[in-house]
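Notes to accompany the following structure.
Read-outs throughout are calculated quantities, based only on the coordinates presented, and are distinct from any laboratory measurement. All values derive from a computational prediction rather than experimental measurement. Positions of Cβ are generated from backbone atoms using ideal geometry, with glycine treated the same way; all protein chains shown enter the neighbour counts.
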């Protein structure tokens with residue numbers, strides 16, 4: 001419990017910053033919504049003028065773009081991107097910072113097992129992600145409610161927002177498993193930014209084509225908003241793939257971290 | 001009972017040598033010195049003992065148990081690493097409280113006592129502390145839970161001489177209270193003053209494990225000779241002579257063996273001055289460590 005609380009405390013500041021960033025994105029774009037709704041026809045014409053592949057990359061669906069959920073799901077991509085970077089960063093630093101900041105000789109000589117250390121840290125990180133998403137969801141709901149032009153499904157709004165957490169869990173797990181193998185990285189930000197943006201761009205490029213199997217490559221494409229809004233459910237194969245990535249990565253993390261050498265200052 | 005049992009410990013980092021076939025037993029209540037130059041394998045041995053790294057072969061146990069399979073044995077261990085690093089943005093007292101929280105007992109009184117002894121300001125932020133003051137935080141942190149085994153890795157670097165003395169007094173009083181001390185250092189003076197037994201490590205191997213007193217006696221003599229005329233080099237050409245420095249009329253060397261042999265040899269030449277001293281540990285140490293010695 002003490003390790004868990006210590007981690008939460010040390011993650012406090014960065015969490016606040018990430019939440020603010022995500023809320024800012026939502027606020028900026030959602031505040032445009034009333035204007036776009038009013039000029040719906042013009043806006044649709046303008047978007048229709050874009051090549052179909054560009055629209056697909058940007059996640060734009062012309063027909064639904066003037067509905068609140070349609071518009072929101074377009075901007076949600078940027079929020080998910082932001083959340084993905086946060087999660088991967090968290091995953092990459094949560095264990096490796098002890099080695100990088102040379103505090104391992106403090107923590108890992110305490111009368112606790114490595115497994116307990118991993119558990120405390122993973123739980124703290126999951127708490128942080130959950131808090132981030134709950135706060136973001138509360139604020140985004142309020143903004144959406146204020147800018148709405150007609151009624152919309154709160155259930156679907158919730159469902160598409162939950163995908164932030166799903167994508168974050170995947171990137172967190174990937175980050176954590178990468179960090180136990182490469183804990184001597186000087187700086188993790190380039191790696192996490194590179195991976196997450198890489199996945200995002202690949203996801204956008206895949207979206208231009210319509211191959212279903214290619215969607216497995218990028219976690220950003222596991223959740224297709226038009227399809228969720230249309231069917232009110234997540235696509236099971238991608239949900240399962242995401243869950244497998246998370247479970248395998250975290251289990252590997254435990255296994256490797258418990259048995260690895262914690263190297264001295266290099 | 002042996003507090004520390006290291007048996008045939010071998011550790012390779014990939015192909016790089018860590019330590020080879022190290023065996024050390026440390027008895028309860030003793031102050032054990034572990035001496036070697038930088039890179040000899042002192043920290044590797046300690047880190048394996050604490051369960052930070054895994055042995056390639058052999059075992060390292062504390063209170064009869066391995067730290068990797070029984071992490072709870074570290075409950076009674078206090079460790080001061082050679083370089084201390086702590087979490088950013090914490091005050092000294094926060095860090096010490098966090099440290100204490102792992103031991104399930106109230107250490108507040110002891111923290112205050114130790115801070116008083118080491119002259120440490122608990123309210124300061126750790127980031128703002130000098131290297132020496134960080135070291136003090138490390139010392140308090142290592143001792144606040146009243147450990148039965150204290151492991152010190154190069155403990156005095158960064159401390160001023162006055163503080164070093166205070167520190168050694170503190171360790172001595174912990175030892176009187178029953179704590180076993182494992183002291184790693186390359187500074188011989190500190191080991192010489194405190195330790196009952198020492199192990200010398202060189203290039204990853206233990207080359208000597210002996211009582212402090214035996215090590216100093218051990219028939220080693222520092223002999224200085226001054227001749228009336230230039231000394232014949234061949235007279236020192238005998239077994240037991242090492243570290244020979246021969247310059248004209250004077251010669252000095254370490255001698256190990258029957259003292260009569262060297263006196264008989266010296267008697268064959270005209271000597272104007274002769275001194276035979278106990279070598280200090282530094283010299284013994286250099287003898288063991290010099291590549292040809």
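Within region B:103-120, is there a residue that is within 11 Å of chain A (Cβ to nearest Cβ) and surrounded by fewer than 19 Cβ atoms within 10 Å (Cβ to Cβ)?
The answer is yes; a qualifying residue exists.
Hey, among A:76, A:68, which residue is surrounded by 21 or more Cβ atoms within 10 Å (Cβ to Cβ) and either touching a strand residue (DSSP E or B) at 6+ places or on another chain (Cβ under 7 Å) or closer than 29 Å to residue A:249 by Cα (or both)?
That would be A:76, the only listed residue that is surrounded by 21 or more Cβ atoms within 10 Å (Cβ to Cβ) and either touching a strand residue (DSSP E or B) at 6+ places or on another chain (Cβ under 7 Å) or closer than 29 Å to residue A:249 by Cα (or both).
Residue A:195 fails exactly one of the following numbered conditions: (1) assigned to a helix (DSSP H, G or I); (2) surrounded by fewer than 17 Cβ atoms within 10 Å (Cβ to Cβ); (3) in contact (Cβ under 8 Å) with a residue 12 or more places away in the chain; (4) more than 14 Å from chain B (Cβ to nearest Cβ). What is the number of that condition?
(2)
Restricting region B:72-92 to residues that are in contact (Cβ under 8 Å) with a residue 40 or more places away in the chain, more than 8 Å from chain A (Cβ to nearest Cβ) and farther than 17 Å from residue A:99 by Cα, which is nearest to the chain's Cα centre (by Cα)?
B:78
Among the numbered conditions (1) surrounded by fewer than 19 Cβ atoms within 10 Å (Cβ to Cβ); (2) out of contact with any strand residue (DSSP E or B) (no Cβ under 7 Å at 6 or more places or on another chain), tell me where residue B:205 comes up short.
So residue B:205 meets the others, but not (2).
Which of the residues spanning region B:239-274 are in contact with a helix residue (DSSP H, G or I) (Cβ under 8 Å, 6 or more places away or on another chain) and loosely packed, with under 13 Cβ neighbours inside 10 Å?
If the condition is that a residue be in contact with a helix residue (DSSP H, G or I) (Cβ under 8 Å, 6 or more places away or on another chain) and loosely packed, with under 13 Cβ neighbours inside 10 Å, then B:268, B:274 are the ones that fit.
Anything in region B:25-44 that is within 13 Å of chain A (Cβ to nearest Cβ) and either under 13 Å from the mean Cα position of the chain (by Cα) or surrounded by fewer than 15 Cβ atoms within 10 Å (Cβ to Cβ) (or both)? List them, or say none. Even if it seems obvious, please write down each step before you answer.
First pass over region B:25-44, keeping only residues within 13 Å of chain A (Cβ to nearest Cβ): B:38-39, B:41-44.
Within region B:25-44, B:38, B:39, B:41, B:42, B:43 qualify.
Scan region A:211-266 for residues that are touching a residue at least 12 places away in the same chain (Cβ under 8 Å), away from chain B (no Cβ under 14 Å), part of a loop (DSSP other than H, G, I, E, B) and surrounded by 12 or more Cβ atoms within 10 Å (Cβ to Cβ) and jot them down.
A:218, A:222, A:223, A:234, A:235
Which residues, counting only those in region B:45-66, are at the interface with chain A (Cβ under 8 Å from one of its Cβ atoms) and either in contact with a strand residue (DSSP E or B) (Cβ under 6 Å, 6 or more places away or on another chain) or in contact (Cβ under 8 Å) with a residue 12 or more places away in the chain (or both)? Full working, then the answer.
Filtering region B:45-66 down to residues at the interface with chain A (Cβ under 8 Å from one of its Cβ atoms) leaves B:47, B:50-54.
Those that are at the interface with chain A (Cβ under 8 Å from one of its Cβ atoms) and either in contact with a strand residue (DSSP E or B) (Cβ under 6 Å, 6 or more places away or on another chain) or in contact (Cβ under 8 Å) with a residue 12 or more places away in the chain (or both): B:50, B:51, B:53, B:54.
Is it the case, given these coordinates, that residue A:164 is surrounded by fewer than 21 Cβ atoms within 10 Å (Cβ to Cβ), part of a helix (DSSP H, G or I) and in contact (Cβ under 8 Å) with a residue 60 or more places away in the chain?
No, not satisfied.
Among the residues of region A:128-161, write down those that are buried (at least 21 other Cβ atoms within 10 Å of the Cβ), farther than 12 Å from residue A:76 by Cβ and touching a residue at least 60 places away in the same chain (Cβ under 8 Å).
Once the filter is applied, which keeps residues that are buried (at least 21 other Cβ atoms within 10 Å of the Cβ), farther than 12 Å from residue A:76 by Cβ and touching a residue at least 60 places away in the same chain (Cβ under 8 Å), region A:128-161 yields A:128, A:132.
Every residue, every condition in (1) in a loop (DSSP other than H, G, I, E, B); (2) closer than 22 Å to residue B:180 by Cα, yes or no:
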position	(1), (2)
B:53	yes, no
B:58	no, no
B:61	no, yes
B:67	yes, yes
B:73	no, yes
B:98	no, no
B:104	yes, yes
B:111	no, yes
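When you scan region A:19-127 for helices (runs of 4 or more DSSP H) that lie fully inside it, which ones turn up with 3 or more residues that are farther than 30 Å from residue B:153 by Cα, in contact (Cβ under 8 Å) with a residue 40 or more places away in the chain and away from every other protein chain (no Cβ under 14 Å)? Break it down stepwise before answering.
Numbers: elements: A:33-38, A:40-49, A:52-58, A:68-94, A:96-100, A:104-107.
Those helices (runs of 4 or more DSSP H) span A:33-38, A:52-58, A:68-94.
Taking region B:11-24 only, how many residues are away from chain A (no Cβ under 14 Å) and in a strand (DSSP E or B)?
Within region B:11-24, the first condition is being away from chain A (no Cβ under 14 Å), and the residues that meet it are B:15, B:17, B:20-24.
Then drop every residue that is not in a strand (DSSP E or B), which leaves B:17, B:20-24.
Looking only at that region, the number is 6.
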